[in-house]
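S.K.: Below is the structure I would like to discuss, written out as structure tokens.
No value in this document is a laboratory result; all are computed from the given coordinates. Everything numeric in this text was worked out from a predicted model, so none of it was measured. Please note: Cβ atoms are built from the backbone with ideal geometry, for glycine as well, and neighbour counts cover all protein chains shown.
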Amino acid sequence: MVTIGSLWLAILLSALVVFVLSAIFWTVSPHHKKDFQPLPDEDAALNALRPQSLSPGLYWMPHAEPQAMKDPAVVQKYQQGPVAILTVMKSGVPGMGKSMVLAFVWYLIVGVFVAYVASRHLPAGAEYLAVHRLVSVTAFLAYGMSVVQDSIWFGRPWSFSFKVLLDGLVYGLFTGGVFGWLWPGA
């Protein structure tokens, strides 16, 4: 039986590989460069939002409770638009350090769950391709699939979700490669 503890190096190394790939995808590779567009009049939008003193969080505009969705005034607001989901973060220049640490911790957590699934289904000495196949699919599910719901329910552009799915596929394949390479022998 393979233990999660025996996979610690694969967990750590796969998290490091995904961290590096993610950094390359988001800073060097051109495929995410146009994911976030500027507003036509950003200053006017910021000046309109500042007096509301919004706390960090998610805001839906126009906001209405489900039972009010047939109210003609609410319907008119939706028809006039814009319809938007606004993410408000803490004011100040965003710091990358905390986000990078949290991302690496997330990659470690994914690695632990991937190791759990693989260790329950594959014996010591399993062939590289068997390990790669199971681990790649499991990691892809963790890294890529969750974003699809944002396109279905929250208007996130499908092009963005497709790119994240592609990123997740690459992360999954590399994670499978690391686990396959470091899988314990019989």
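S.K.: I'd like to verify a number: residues in segment 149-186 that are small (Gly, Ala, Ser) and under 23 Å from residue 58 (Cα atoms), how many?
M.R.: Looking only at that region, the number is 4.
S.K.: Give me the helices (runs of 4 or more DSSP H) completely within segment 8-121, filtered to those with at least 3 residues that are free of Cβ contacts under 8 Å to residues at least 40 places away in the same chain and touching a Phe, Trp or Tyr at 6+ places or on another chain (Cβ under 9 Å), ordered by residue number.
M.R.: Once the helices (runs of 4 or more DSSP H) in segment 8-121 are filtered for at least 3 residues that are free of Cβ contacts under 8 Å to residues at least 40 places away in the same chain and touching a Phe, Trp or Tyr at 6+ places or on another chain (Cβ under 9 Å), nothing remains.
S.K.: Right, something else. I'd like to know if segment 105-115 contains one or more residues that are touching a Leu at 6+ places or on another chain (Cβ under 6 Å), closer than 30 Å to residue 14 by Cβ and either of a type outside the set (Val, Ile, Thr) or surrounded by 10 or more Cβ atoms within 10 Å (Cβ to Cβ) (or both).
M.R.: Checked against the condition, which is being touching a Leu at 6+ places or on another chain (Cβ under 6 Å), closer than 30 Å to residue 14 by Cβ and either of a type outside the set (Val, Ile, Thr) or surrounded by 10 or more Cβ atoms within 10 Å (Cβ to Cβ) (or both), segment 105-115 yields at least one hit.
S.K.: Of the residues that sit in segment 136-152 and are surrounded by 15 or more Cβ atoms within 10 Å (Cβ to Cβ), hydroxyl-bearing (Ser, Thr, Tyr) and under 28 Å from residue 10 (Cα atoms), which one is farthest from the chain's Cα centre (by Cα)?
M.R.: Filtering segment 136-152 for residues that are surrounded by 15 or more Cβ atoms within 10 Å (Cβ to Cβ), hydroxyl-bearing (Ser, Thr, Tyr) and under 28 Å from residue 10 (Cα atoms), the one farthest from the chain's Cα centre (by Cα) comes out as 136.
S.K.: Between 168, 172, 176, 180, which is closer than 22 Å to residue 16 by Cα, in contact with a Lys or Arg (Cβ under 8 Å, 6 or more places away or on another chain) and not acidic (Asp, Glu)?
M.R.: Among 168, 172, 176, 180, only 176 is closer than 22 Å to residue 16 by Cα, in contact with a Lys or Arg (Cβ under 8 Å, 6 or more places away or on another chain) and not acidic (Asp, Glu).
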